[in-house]
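A.B. asks: One structure follows; several queries about it will come next.
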Amino acid sequence: MGAPTVVVYDPITTLRWSYDVERDTLAARGVDLVLPADLAAARKALPAADIVVASGRLPREELDLMTRCCGILCYSVGMDGVDTARAAELGIEVTNVPDYCTEEVSDQAIALLMAVQRALLPMASAAAAGQWEVRELPEFYTMRRVRGQRIGVIGLGRIGTRVAEKAHGLGMTVVAHDPYRTEAPFPLVPLNELLDESDAVVLCAALTADSRHVLDAAAIGRLRPDAVVVNVARGGLIDEAALAAALKAGRLRGAGLDVREVEPPPVPDPLSGLTNVVLTQHVGATSVEAFADMHTLSAARIIDLLDRHGRLGEAS
């Protein structure tokens, strides 16, 4: 066999991105990095790949082409773009880059929460239009003090824990729900209790078959009318039609969403244009520092996969 080969199934081309760090790190260990020019080239390269890197969705049918592959690296925190059950059947390990954006995404959650509670968008829009007499704006009378509020975090992994820590630092009372944990640095409560009693609910859970639409119409119906919903995980955790209906009917105070069930969302978007909703474009993981960490951490993750599966140093 020749040098171990890493194939990036879907190289990032929609932003300024270079794989130079990964290429140099892998080359120093005798590993080739392949960046296919298009889908046809990617499919052609898959049978020779020791590791496949997936930036987005890796279709199930592609897994059957990966006859040499020992590992798939999801170039992200989430792993919902890969059929992990089918990969396991084929003996292919699936992993991710969980540490590169913990601070950024937790910052985004707090920023969205503060923006909704402080009516940041309506006030900033009025100021940009030269309107300084804002006492007639309804939002002027609805801004909230964050300190003393109760925040419920759904999903207490790396990001959820940092959200909880930062909220606690702001003087909020923190509770959490995570079916995979029995011990945690913050009180773990049943989901319905969290929904019934929280001033703010922040979604930080992985998207799985069990967690899809964890905030469905019934769950949203349990929330207090002055509650705020923040989602920095995956859009599929929320039934967006039910959320939009509750917001428009005044049954929820507001929402801050960095992720959507369909990205970009459909037009017309039922959540767009609402003054009590803050929308961002799945940018929570973004920062100069996070980009640098993604390069170095993903390269290290690939080397670890190759090493553990005995693919480094194979003779030609």
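A.B. asks: Kindly indicate whether any position in region 90-97 is in contact with a Leu (Cβ under 6 Å, 6 or more places away or on another chain), part of a loop (DSSP other than H, G, I, E, B) and surrounded by 18 or more Cβ atoms within 10 Å (Cβ to Cβ).
C.D. replies: Checked against the condition, which is being in contact with a Leu (Cβ under 6 Å, 6 or more places away or on another chain), part of a loop (DSSP other than H, G, I, E, B) and surrounded by 18 or more Cβ atoms within 10 Å (Cβ to Cβ), region 90-97 yields at least one hit.
A.B. asks: Now a separate question. What do you reckon, is Asp107 under 24 Å from Thr275 (Cα atoms) and charged (D, E, K, R)?
C.D. replies: Working: under 24 Å from Thr275 (Cα atoms): yes; charged (D, E, K, R): yes.
So Asp107 fits the description; yes.
A.B. asks: Collect the residues in region 189-207 that are part of a loop (DSSP other than H, G, I, E, B) and without any contact (Cβ under 8 Å) to a residue 40 or more places away in the chain, keeping them in residue-number order.
C.D. replies: Step one: filter region 189-207 for residues part of a loop (DSSP other than H, G, I, E, B), giving 189-190, 198-199, 204-207.
Matches in region 189-207: Val189, Pro190.
A.B. asks: If I filter region 5-18 for residues that are surrounded by 16 or more Cβ atoms within 10 Å (Cβ to Cβ), without any contact (Cβ under 8 Å) to a residue 40 or more places away in the chain and not charged (D, E, K, R), do I get at least one hit?
C.D. replies: no
A.B. asks: Out of region 104-129, which residues are within 16 Å of the chain's Cα centre (by Cα) and open to solvent by 40 Å² or more (accessible area, probe 1.4 Å)?
C.D. replies: Residues satisfying the conditions are Asp107, Ala111.
A.B. asks: A further question on this structure: If you take the residues in region 162-188 that are of a type outside the set (A, V, I, L, M, F, W, C) and assigned to a helix (DSSP H, G or I), which one is most open to solvent (accessible area, probe 1.4 Å)?
C.D. replies: The residue in question is His168.
A.B. asks: Further question on the same structure: Of all residues being of a type outside the set (Val, Ile, Thr) and modelled with pLDDT under 95 in region 195-245, which is least open to solvent (accessible area, probe 1.4 Å)? Just the residue, please. Let's see the steps before the verdict.
C.D. replies: From region 195-245, those of a type outside the set (Val, Ile, Thr) are 195-200, 203-207, 209-213, 215-219, 221-227, 231, 233-237, 239-245; that's our starting set.
Next, from what is left, pick out any that are modelled with pLDDT under 95: 206-207, 209-210.
On the way: Ala206: 72, Leu207: 31, Ala209: 99, Asp210: 139 Å².
Within region 195-245, the match that is least open to solvent (accessible area, probe 1.4 Å) is Leu207.
Residue by residue, here is whether (1) among the small types (Gly, Ala, Ser); (2) at positive phi; (3) modelled with pLDDT of 95 or more holds:
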{"position": "Glu104", "(1), (2), (3)": "no, no, yes"}
{"position": "Leu113", "(1), (2), (3)": "no, no, yes"}
{"position": "Arg118", "(1), (2), (3)": "no, no, yes"}
{"position": "Leu121", "(1), (2), (3)": "no, no, no"}
{"position": "Ser125", "(1), (2), (3)": "yes, no, no"}
{"position": "Arg135", "(1), (2), (3)": "no, no, no"}
{"position": "Glu139", "(1), (2), (3)": "no, no, no"}
{"position": "Met143", "(1), (2), (3)": "no, no, no"}
{"position": "Val146", "(1), (2), (3)": "no, no, yes"}
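A.B. asks: Among the residues of region 246-264, write down those that are touching a residue at least 24 places away in the same chain (Cβ under 8 Å) and open to solvent by 40 Å² or more (accessible area, probe 1.4 Å).
C.D. replies: So in region 246-264, the residues touching a residue at least 24 places away in the same chain (Cβ under 8 Å) come out as 246-248, 250-263.
Residues satisfying the conditions are Lys248, Gly250, Arg251, Arg253, Glu261, Val262, Glu263.
A.B. asks: Scan region 265-282 and tell me whether some residue there is open to solvent by less than 50 Å² (accessible area, probe 1.4 Å), closer than 25 Å to Pro179 by Cα, not in a loop (DSSP other than H, G, I, E, B) and not charged (D, E, K, R).
C.D. replies: Pass one, region 265-282, residues open to solvent by less than 50 Å² (accessible area, probe 1.4 Å): 265, 269, 271, 274, 276-278, 280.
Checking the rest, the ones that are also closer than 25 Å to Pro179 by Cα come to none.
No; the residues of region 265-282 include none that is open to solvent by less than 50 Å² (accessible area, probe 1.4 Å), closer than 25 Å to Pro179 by Cα, not in a loop (DSSP other than H, G, I, E, B) and not charged (D, E, K, R).
A.B. asks: Here is a further query. Note down all Cβ pairs under 8 Å where the first residue falls in region 298-311 and is closer than 12 Å to Val6 by Cα, the second is open to solvent by 20 Å² or more (accessible area, probe 1.4 Å) and assigned to a helix (DSSP H, G or I), and they're at least six residues apart or on different chains.
C.D. replies: Listed pairs, sorted by first residue: Ala299/Val21; Ala299/Thr25; Ile303/Thr25.
A.B. asks: Restricting to region 10-42, name every residue that is outside any helix (DSSP H, G or I) and within 25 Å of the chain's Cα centre (by Cα). Full working, then the answer.
C.D. replies: So in region 10-42, the residues outside any helix (DSSP H, G or I) come out as 10-19, 28-38.
Listed by number, the residues that qualify are Asp10, Pro11, Ile12, Thr13, Thr14, Leu15, Arg16, Trp17, Ser18, Tyr19, Leu35.
A.B. asks: With the structure loaded, tell me whether Ala285 is in a loop (DSSP other than H, G, I, E, B), touching a residue at least 40 places away in the same chain (Cβ under 8 Å) and surrounded by 14 or more Cβ atoms within 10 Å (Cβ to Cβ) or whether it fails that test. So that I can check it myself, show each step before the final result.
C.D. replies: Details: in a loop (DSSP other than H, G, I, E, B): yes; touching a residue at least 40 places away in the same chain (Cβ under 8 Å): yes; surrounded by 14 or more Cβ atoms within 10 Å (Cβ to Cβ): yes.
Criteria met by Ala285.
A.B. asks: On to the next question. Return the total of residues in region 49-69 being more than 18 Å from Glu22 (Cβ to Cβ) and either open to solvent by less than 10 Å² (accessible area, probe 1.4 Å) or hydrophobic (A, V, I, L, M, F, W, C) (or both). Give the steps one after another, and end with the answer.
C.D. replies: From region 49-69, those more than 18 Å from Glu22 (Cβ to Cβ) are 57, 59-68; that's our starting set.
Okay, now just the ones that are also either open to solvent by less than 10 Å² (accessible area, probe 1.4 Å) or hydrophobic (A, V, I, L, M, F, W, C) (or both), so 62-63, 65-66.
Counting residues in region 49-69 that are more than 18 Å from Glu22 (Cβ to Cβ) and either open to solvent by less than 10 Å² (accessible area, probe 1.4 Å) or hydrophobic (A, V, I, L, M, F, W, C) (or both) gives 4.
A.B. asks: Determine which member of the set Val134, Val153, Val146, Val163 is over 23 Å from Pro98 (Cα atoms), among the hydrophobic types (A, V, I, L, M, F, W, C) and touching a residue at least 24 places away in the same chain (Cβ under 8 Å).
C.D. replies: On the way: Val134 fails: touching a residue at least 24 places away in the same chain (Cβ under 8 Å); Val153 fails: over 23 Å from Pro98 (Cα atoms); Val163 fails: over 23 Å from Pro98 (Cα atoms).
Testing whether each residue is over 23 Å from Pro98 (Cα atoms), among the hydrophobic types (A, V, I, L, M, F, W, C) and touching a residue at least 24 places away in the same chain (Cβ under 8 Å) leaves just Val146.
The values are calculated or read from the model by the stated rules, or taken from the named source; none is laboratory data. Treat the numbers as computed from the prediction; the structure is a model and nothing was measured. Quick reminder, even Gly has a Cβ in these numbers, built from the backbone with ideal geometry, and neighbours come from all protein chains shown. The protein model used for the area step is the full one, side chains on, heavy atoms only, and it has no ligands, DNA or RNA in it. Shrake-Rupley method; radii C 1.70, N 1.55, O 1.52, S 1.80 Å.
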